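The values are calculated or read from the model by the stated rules, or taken from the named source; none is laboratory data. Note that the structure is a prediction, hence the values are computed from the model and not measured. Using ideal geometry, Cβ is built from the backbone for each residue, glycine included, and neighbour counts are taken over all protein chains shown. Heads up: the accessible areas ignore ligands, DNA and RNA and are worked out on the full protein's heavy atoms, side chains in. Shrake-Rupley method; radii C 1.70, N 1.55, O 1.52, S 1.80 Å.
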Amino acid sequence: IRISPAAKQLAARERLDILKLAGSGDSGRIGVADVQRALAERPRTMSKMRQIIARRLTQSVVTAPHFFVTVEVDMTALLGFRASLKELGAPYTVTDFISEAAVLTLIDFPDVNSSTDGKTVRWNSHVHLGLAVSLEQGLVVPVIRHAEELTLAELNARSRELADQARNGKLTPDDMAGGTFTISNMGMLDVENFTAIINPGE
């Protein structure tokens, strides 16, 4: 086996089997870069959070029938309204308006704000709105309680507060429990459409 001394030392330290390494140097000589590439490709244990997310969402897809409906909406007037509010010192996000629209819709169509155990359907008299927040460790869903009682300004303030707590690792289990409907907005990432999975229990 042709291998540089530095690569051999690194492989030994990381307990890599050099017999399984492919060299990219002259005559297949294994260099440090080859060892580093093998280390980067080595399986990594997922965090507990990611394992739970994977388990719960897989369970959701298997046990809850999913169907997807897409509609295109002209947001020109709303974005203009948002810009005028921003000039007045009220920097609302597009997600704030989506949250408000979802709350109003759930009030108009209360059956959608229900959950089922497969045998019964339970209507929720309050809208506890979940907001998906992406973190480096995974996805968390803090919940805005009694969202139907909040103004747009209050929705904005509460969602900012929860998002900040999520990014600072200060969310409690209670902050993420009891949601009845979840919003996941990826528009700020230039995503035009994606297929969501129902947050279990909603």
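Can you confirm whether Ile18 is open to solvent by less than 80 Å² (accessible area, probe 1.4 Å), farther than 30 Å from Val141 by Cα and touching a strand residue (DSSP E or B) at 6+ places or on another chain (Cβ under 8 Å)?
Answer is yes for this residue.
Among the residues of the range 28-50 satisfying the criterion of being of a type in the set (A, V, I, L, M) and modelled with pLDDT of 90 or more, which is most open to solvent (accessible area, probe 1.4 Å)?
Within the range 28-50, the match that is most open to solvent (accessible area, probe 1.4 Å) is Ala40.
Does Phe68 fit the bill of being in contact (Cβ under 8 Å) with a residue 40 or more places away in the chain, among the aromatic types (Phe, Trp, Tyr), within 18 Å of Phe181 (Cβ to Cβ) and part of a helix (DSSP H, G or I)?
The answer is no for Phe68.
Is there a residue in the range 111-134 that is open to solvent by less than 100 Å² (accessible area, probe 1.4 Å) and part of a helix (DSSP H, G or I)?
Yes, the range 111-134 has at least one match.
What residue, among those in the range 155-176 that are of a type outside the set (D, E, K, R) and exposed (fewer than 13 other Cβ atoms within 10 Å of the Cβ), is farthest from Ser115 (Cα to Cα)?
Asn168
Residue pairs, Cβ under 8 Å, 6 or more apart or interchain, first in the range 40-51 and farther than 13 Å from Leu16 by Cα, second polar (S, T, N, Q) and at pLDDT below 85. List them.
Final answer for the pair search is Ser47/Gln137; Met49/Gln137; Arg50/Gln137.
For Ile53, all conditions in the list (1) open to solvent by 100 Å² or more (accessible area, probe 1.4 Å); (2) at pLDDT below 90 hold save one; what is the number of the exception?
In the conditions (1) open to solvent by 100 Å² or more (accessible area, probe 1.4 Å); (2) at pLDDT below 90, Ile53 misses (1) alone.
For the range 157-187, how many residues meet the condition of being touching a residue at least 60 places away in the same chain (Cβ under 8 Å) and over 23 Å from Pro110 (Cα atoms)? Before you say what the answer is, go through the steps one by one.
Taking the range 157-187 as the starting set, the residues that turn out to be touching a residue at least 60 places away in the same chain (Cβ under 8 Å) are 159, 180-181, 183, 185, 187.
Restricting the remaining residues to those that are over 23 Å from Pro110 (Cα atoms) gives 187.
Residues in the range 157-187 being touching a residue at least 60 places away in the same chain (Cβ under 8 Å) and over 23 Å from Pro110 (Cα atoms): 1 in total.
Being assigned to a helix (DSSP H, G or I) and closer than 28 Å to Leu152 by Cβ is the requirement here; does Ile98 meet it?
Against the criterion (assigned to a helix (DSSP H, G or I) and closer than 28 Å to Leu152 by Cβ), Ile98 qualifies.
Checking the condition open to solvent by less than 80 Å² (accessible area, probe 1.4 Å), among the aliphatic types (A, V, I, L, M) and not in a helix (DSSP H, G or I), which residue from Ala90, Ala83 passes?
Exactly one of Ala90, Ala83 is open to solvent by less than 80 Å² (accessible area, probe 1.4 Å), among the aliphatic types (A, V, I, L, M) and not in a helix (DSSP H, G or I), namely Ala90.
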